Amino acid sequence: MIEQRFITIDGVGIAVTEEVYRAYKRPAWVERKRRQVRVKKELSLEILMESDDIISSSKPFETAVEDKLLITVMCEALKLLPSYEHDLMYALFFERITVRDYAQRIGTNHTKVIRERDRILRILKNYF
C-alpha cells in the first residue's frame, strides 16, 4: 500500500507523489541536519576547551597552558567564520577528513577545497 504524501502551500494540503514530496522537503531536511551538526560541533569544541586533559598531560605546565589558550583563541576565531568555512575547517582539522573526501562530500573539485582551506588559514593566521 502506497502512503499518500501531502505538502502544505498557503495553508492548503496538496496530495503529491513521493518524488515531489522529497524534492519539496529536502531543503528543510538539509537545513535541520546542518543545524544539528553545527550544535554538535560547537559542543565538542566547548568540551575540548573545558577539558583538563590538556593540562594534566605529561607536557610541561607552561606548554599545556599555552595549548589551552591557543585552543580558546582558535575556537573564538572559528566562531567568526561563515558556516561553510567553519564546516570546512572543522571537517579537515577536527574530523580529520581528507581534502579529497571533503571535496567529494560537497560535490566539488579537491583543488577548490585546497584553495579555500589555504585562504581560510591565512585569515585565521591574521586573527592570531
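Only the coordinates and a few stated rules stand behind these numbers; no lab work does. None of the values given here were measured: they were computed from a predicted structure. With ideal geometry, Cβ positions are generated from the backbone for all residues, glycine too; neighbour counts draw on all protein chains shown.
Below is a table of values for the structure above.
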item: Selection from Tyr21, Gly11, Gln36, by position along the positive dipole direction of segment 1-40 (Cβ); result: Gln36
item: Selection from Leu124, Gln104, Tyr90 lying farthest towards where the dipole of segment 82-128 points positive, charges on Cβ; result: Leu124
item: Exceeding the 24 Å Cα-Cα cut-off - candidates Lys33/Lys125; Lys25/Lys79; Lys68/Lys125; result: Lys33/Lys125; Lys25/Lys79
item: Virtual spin-label span in nm between Thr111 and Glu76, 7 Å along Cα→Cβ; result: 3.8
item: Per-residue HN-Hα couplings for segment 21-36 [Karplus 6.51, -1.76, 1.60; θ = phi - 60°; Hz; x = Gly/Pro]; result: 4, 5, 5, 5, 7, 3, x, 5, 5, 4, 5, 4, 5, 4, 5, 4
